[in-house]
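Here the structure comes first, spelled out in structure tokens, and everything after it is commentary.
The values are calculated or read from the model by the stated rules, or taken from the named source; none is laboratory data. Values in this document were obtained by computation on a predicted structure and should not be read as measured data. A quick note on method: Cβ atoms are made from the backbone with ideal geometry, for glycine too, and the neighbour counts reach across all protein chains shown.
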Amino acid sequence: VKLPAPPSMVSTEQRQHAEHIFLSFRKSKSPFAICKHILETSKVDYVLFQAATAIMEAVVREWILLEKTSIESLRTFLLTYVLQRPNLQKYVREQILLAVAVIVKRGSLDKSINCKSIFHEVGQLISSGNPTSGIQSVCLLVGASLCLSFLCFYASAFHSIFSFHPPVLPAPQEEDLRQIFVLTMEVLQEFSRRENLNAQMSSVFQRYLALANQVLSWNFLPPNHILSFSKSAQNVTLKPTESWREALLDTRVMDLFFTVHRKIREDSDMAQDSLQCLAQLASMHGPIFPDESAQVSYLAHLVEGLLSMINGIEIEDSEAVGIANIISNLITMFPRSILTALPSDLFTSFINCLTLLTCSFGRSAALEEVLDKDDMVYMEAYDKLLESWLTLVQDEEHFPRGCFVQPAVQVFNSYIQCHLAAPDGTRNLSVSGIATHDEEEINELQEDDRELFSDQLSSVGMLGRVAADHLLTFRTQQQLMASSDPGSVDRKVLDDLYEDIHWLILVSGYLLADDPQGETPLIPSEVMEFSIKHSTEVDINTTLQILGSPGEKASSIPGCNRTDSVIRLLSAVLRTSEVESRATRASLTQLLSPQMGKDIVWFLRRWAKTYLLMDEKLYEQISIPLSTAFGPDTEGAQWIVGYLLEKVINNLSVWSSEPDLANDTVELLVTLVEKRERANIVVQCENWWNLAKQFASRSPPLHLLSRSVQRTLMKALVLGGFAHMDLDAKQQYWAEVLHPLQQRFLNLINQENFAQISQEEAVKQEIVATLEALCGIAEATQIDNVASLFSFLMDFLSSCIGLMEVYSNTPETINLIIEVFVEVAHKQICYLGETKSMKLYEACLTLLQVYSKNNLGRKRSDATAEEDQYQDLLLIMELLTNLLSKEFIDFSDTDEVFRGQEQGTPASSRTVSAADVVLYGVNIVLPLMSQDLLKFPSLCNQYYKLITFICEIFPEKIPQLPEDLFKSLMFSLELGMTSMSSEISQLCLEALSPLAEQCAKNQEKDTPLFIATRHFLKLVFDMLVLQKHNTEMTVAAGEALYTLVCLHQAEYSELVESLLSSQRDAVIYQRLADAFNKLTASSTPPAMDRKQKVAFLKSLEEFVANVGGLLCVK
Amino acid sequence: MADEFDFQTGESGASSTYPMQCSALRKNGFVVLKGRPCKIVEMSTSKTGKHGHAKVNLVGIDIFTNKKYEDMCPSTHNMDVPAIKRSEYQLVNINDGYMCLMDEHGEIREDLPVPNNDIGKDIEAKFEASEDFMVTVLSAMGEECAVGLKAMASK
């Protein structure tokens, strides 16, 4: 064996050769004797390390071949070896201890090693040894390592040998855990008494602290503890059983952790563990508490300890998150009744401390942002604390009345202060107090603040509502009004101003309204109550005057203080918006901030969803000022709709160059028309009609907008058309909006020389604009308009197929045409009844046929040829998936939505199902799908999703496929199973079971499908037994294997026989044979029965664990 | 926009490029970068500072040479967009490295060389094998090149 040597003495080849020797050595069979010999004689650390590794791997691999006694003696040998050599290199010792731990762990799997005796050993180890000698630290280390072996998996050790994770290992008994905990406490106690720890001792200390953390992070919930333990120790809360009372309710335990933390808090690594232990103790709940009073006194003790810890120190950066965790855990886990049962001065001190801490973390977090630190510890801690506030405030009714108002004011104000520039705030002030200003490049992938900080903003908004009394009246709105006067043109000053306004608008938005996805947003009750409470002091006329005059200074209106504050906050944003609009009219657009523009329309959209035309039936009580200003049938509502519309139109014409802002703007427009009540008012505005006409004429400035914005604008215009109008108005509206589109299109394509002029730029643009508009129209589909939109779109779809021919050599147009079909199918298929669906199926089929015809035999050399084809196929696949979705999402109620339109077509005429169309489509797509194209991950995914779908939903259609198609489908499955990512492989495995079940149902042998499944049996068998595979796949592969075995029992026996007969070693042969017998024991004869399948899957896990190792022995 | 164009006239007199506001460009569309007609393969926006105005970053591939070009400009600016035209011809003959192409009206042109790439080789091979096929010719900004072929359906 070559030894490691300085590079000067050995060549690279020699080194590689030596590495190779070690690697093959580790794989050799039963290397125990030689390893022992090496350990006893060699003095080279690296060789010792390799020997320990070889032992560890061999033991696991050959476990079922080894005698229990020889395993035991091996373990004793290793332990003694370490204990007798206190001066071993650290990494060698660790590796040997790992080997011991793995042996113990593997032993506990089949109960061949007795836990009790191990604990006895550990206890002796810990108490033995002279405290002053170096031996003690070794003993303690060994003890810790043994304890750890009960808690951890050593999955990595198993993994390197088997290439898969071990089956679920038995959880340590609670009794064992408690033993470990008690031992750990003893050691920690001992350490906490000592002065001056040397480096070695402090690393031992750290080991035990980590051990304590592991025990406290244990998930005591029954079945799946191991899984949850290994995945996210952080999220596990402490819920020990009654038997832990003595160990955990003793106040000395908690005190010990506080003491330990004080001792080591400057060591950031150890501090993390000690704080985590405390956080776990703060999360303690469940049967361990005999009664409420025990819980109260436990919490009181915890809070006292915490307060004295925090108050006595200057918090280190590394402590922030840990401390926030403790607080957040105790607020989340302890019932409100326990929190309120605390002595009231203790509770008050706690809340005060929390307030100060939150404000201070907030300031530090702001500083972190300025310094652009990578590791934002204060930000994380601040997030946690704000979240805790949210929890407290949501349960406000349980706490003494008003106890959170002052804290909320403080936290809210400090948040605002951190986000405003000097002199009102502290933003951008670095430590030295100098404002920094950077001009970093921001790309489009960066999230907007309103999403990035949405959690913080929701908490702060909520706190703001609690403190509504104080806040709504002054701060934000006054600052908003004060700041919205861009008198200066210094860009830097302006940017500071914009940043202030940016944050104020965001906070105001989160303060006034929520954004519940999918539900009707309600006015927050705090805001409603606030407005009601003050309505007697409010002069409604002045309030309306303030609202209706965004161009004037609010303070110039007499009596402006006697107005509703909620409305004043809105009017403050409207005033900002008005300043912005006027600046654009004065051609000052260059000086404005698009970000602020975005904030304004974002706010207005959020506000409009909640407040505009509120449904009074949804509220118990309603504020008169609010309902007078924005309620249904009010002038205020009409005025504001008009104002918002004007804002939208102005934005769309001046901000076409800002895609995000234009997008937010058009979304505001959609919000205005997507609800019938609002749309009814919108369509009464002359501006709306002007917008519609302007857009239909494709004249500037609207056609400068990006395509996606134009699409959404089309959607909004169509949605508006379904508002309530009298018949004439409605006819006129459609004549303005949709008919021009149709007319222009028809005029164009019906020209005799259309084919010749089709490549002219103007013609191409007209076509593209039409197709884009069609996508927008499809997007506007709702259940109550699908009938008319479908008919309108269907006319276009057949013309589109003609376009496919004309533009067969123009990939960008082809792509867009397919997209129209995708959109229509996506938005409408679920509402369509049989006859309508059939029409759409047919159109899609024709599209695919034409596409296929045009592309067969076509070759292109341009750089984007492959990319173009990739995009086409992706869209086609999407189209097929959309069509297929009809089979499981179907809202059509036997053409309910089309009633009256359609003369009763007999249902029996149903001849084409989604499956037929999709399979036909696949038939067209398959010849175009090359292995090269499958290298595009998204295309590959979509393709396999589609074929798995088909196999799962229509297994009965598979045997009827044309031969070629059937063959390519089976080839695709095989390819996906064997040479694609594990995700794809899993999809393919999932497709196999339904196919095998289909075969079994038909009971026809020698069909192509029957033969194909036989082939798959071998593939899956090899995959599970012989090849390396991912654990996640074991279940999917196991299910597939089981159904395949049921179908082909004889072939399965042959496979097993031939595998066995290739084994020369008699012992291995026997173990293998046993393993196979055991595998099928519970399911003989195999039958497609759920119960048996589950039993099979269970024995498969064990089988893979045992056999995986055996077959690796070379 | 409709009024700016007259669908009735033939192809003569068409400008080889036309301006478009940056923000209205789109991926898979075309743009002139460094004086060359390019297909846009990547398009993204960015801004300088949170309150800055949008800039558009474009990556394009020269439709004739396959060379990659990049450009960035304020999104309010106009960029030139090349007028792209694709025509199909039947290949009649290859003469001295030049293709003899016939359009749908039976008119013959012989000014385009067989391109020096895979498609060129395919064209020659199919011609040798006396197969019937169409050649796609791409033209933009006064340049023309054969970029694809399509076997004729057996009629």
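When segment B:61-85 is filtered for residues that are within 10 Å of chain A (Cβ to nearest Cβ), of a type outside the set (A, V, I, L, M, F, W, C), under 21 Å from A:GLU867 (Cα atoms) and in a strand (DSSP E or B), the ones remaining, listed by number, are B:ASP62, B:LYS68, B:PRO82, B:LYS85. Of all residues in segment A:773-817, those satisfying the criterion of being of a type in the set (A, V, I, L, M, F, W, C), more than 22 Å from A:TYR841 (Cβ to Cβ) and under 39 Å from the mean Cα position of the chain (by Cα) are A:ALA773, A:ALA780. Within segment A:394-411, count every residue that is outside any loop (DSSP other than H, G, I, E, B), closer than 12 Å to A:MET462 by Cβ and at pLDDT 85 or above. Number of matching residues: 2.
State all residues of segment A:302-327 that are surrounded by fewer than 15 Cβ atoms within 10 Å (Cβ to Cβ) and assigned to a helix (DSSP H, G or I); if no residue qualifies, say none. Matches in segment A:302-327: A:SER308, A:ASN311, A:ASP317. Screening B:ALA146, B:ALA125, B:ALA153 for residues that are surrounded by fewer than 19 Cβ atoms within 10 Å (Cβ to Cβ), aliphatic (A, V, I, L, M) and at pLDDT 90 or above leaves exactly one candidate, B:ALA125. Does A:ILE817 satisfy the condition of being closer than 30 Å to B:LEU138 by Cα and not acidic (Asp, Glu)? So A:ILE817 passes the test.
If you take the residues of segment A:849-867 that are acidic (Asp, Glu) and facing chain B (nearest Cβ under 8 Å), which of them is nearest to A:GLN942 (Cα to Cα)? By that ranking, first place goes to A:GLU867. Assess whether A:VAL100 counts as being crowded, with 22+ Cβ neighbours inside 10 Å, of a type in the set (A, V, I, L, M) and out of contact with any His (no Cβ under 7 Å at 6 or more places or on another chain). Spelling it out, A:VAL100 is indeed crowded, with 22+ Cβ neighbours inside 10 Å, of a type in the set (A, V, I, L, M) and out of contact with any His (no Cβ under 7 Å at 6 or more places or on another chain). Filtering segment A:645-664 for residues that are within 24 Å of A:TRP607 (Cα to Cα), among the β-branched types (Val, Ile, Thr) and away from chain B (no Cβ under 14 Å) leaves a non-empty set. Scanning segment B:31-60 for residues that are buried (at least 20 other Cβ atoms within 10 Å of the Cβ), at the interface with chain A (Cβ under 9 Å from one of its Cβ atoms) and farther than 30 Å from A:ASP599 by Cβ yields one hit, B:LYS39.
Take segment A:750-785 and flag every residue that is among the polar types (S, T, N, Q), part of a helix (DSSP H, G or I) and more than 10 Å from every other protein chain (Cβ to nearest Cβ). Across segment A:750-785, the qualifying residue is only A:THR770. For segment A:713-749, a residue qualifies if it is among the β-branched types (Val, Ile, Thr) and buried (at least 21 other Cβ atoms within 10 Å of the Cβ), and the qualifying residues are A:VAL718, A:VAL737. Among the conditions (1) within 14 Å of chain B (Cβ to nearest Cβ); (2) without any contact (Cβ under 8 Å) to a residue 60 or more places away in the chain; (3) among the basic types (Lys, Arg), the only one that A:LYS598 does not satisfy is (2).
For every residue, the table says whether it meets (1) modelled with pLDDT of 95 or more; (2) within 19 Å of A:SER535 (Cα to Cα); (3) within 39 Å of the chain's Cα centre (by Cα).
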{"position": "A:PRO625", "(1), (2), (3)": "no, yes, no"}
{"position": "A:ALA629", "(1), (2), (3)": "no, yes, no"}
{"position": "A:THR634", "(1), (2), (3)": "no, yes, no"}
{"position": "A:GLN638", "(1), (2), (3)": "no, no, no"}
{"position": "A:SER656", "(1), (2), (3)": "no, no, yes"}
{"position": "A:ASP660", "(1), (2), (3)": "no, no, yes"}
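Any residue that is polar (S, T, N, Q), part of a helix (DSSP H, G or I) and within 13 Å of A:LEU992 (Cα to Cα) - is there at least one of those in segment A:957-966? Within segment A:957-966 (the criterion being polar (S, T, N, Q), part of a helix (DSSP H, G or I) and within 13 Å of A:LEU992 (Cα to Cα)), the answer is no, since none of the residues qualifies. Scoring B:SER44 on the criteria (1) in contact (Cβ under 8 Å) with a residue 24 or more places away in the chain; (2) among the hydroxyl-bearing types (Ser, Thr, Tyr); (3) closer than 30 Å to A:ASP449 by Cα leaves a single failure, condition (1).
Within segment B:31-60, which residues are farther than 15 Å from B:SER75 by Cα, touching a helix residue (DSSP H, G or I) at 6+ places or on another chain (Cβ under 8 Å) and either modelled with pLDDT of 90 or more or of a type in the set (A, V, I, L, M, F, W, C) (or both)? The answer is B:VAL41, and nothing else.
Out of all the residues in segment A:987-1042, which are surrounded by fewer than 21 Cβ atoms within 10 Å (Cβ to Cβ), over 36 Å from the mean Cα position of the chain (by Cα) and closer than 21 Å to A:LEU1059 by Cβ? Answer for segment A:987-1042, where residues must be surrounded by fewer than 21 Cβ atoms within 10 Å (Cβ to Cβ), over 36 Å from the mean Cα position of the chain (by Cα) and closer than 21 Å to A:LEU1059 by Cβ: A:ARG1014, A:HIS1015, A:LYS1018.
Taking the conditions (1) at the interface with another protein chain (Cβ under 9 Å from one of its Cβ atoms); (2) assigned to a strand (DSSP E or B); (3) over 24 Å from A:GLN446 (Cβ atoms); (4) in contact with a helix residue (DSSP H, G or I) (Cβ under 7 Å, 6 or more places away or on another chain) in turn, B:ASN28 satisfies each one other than (2).
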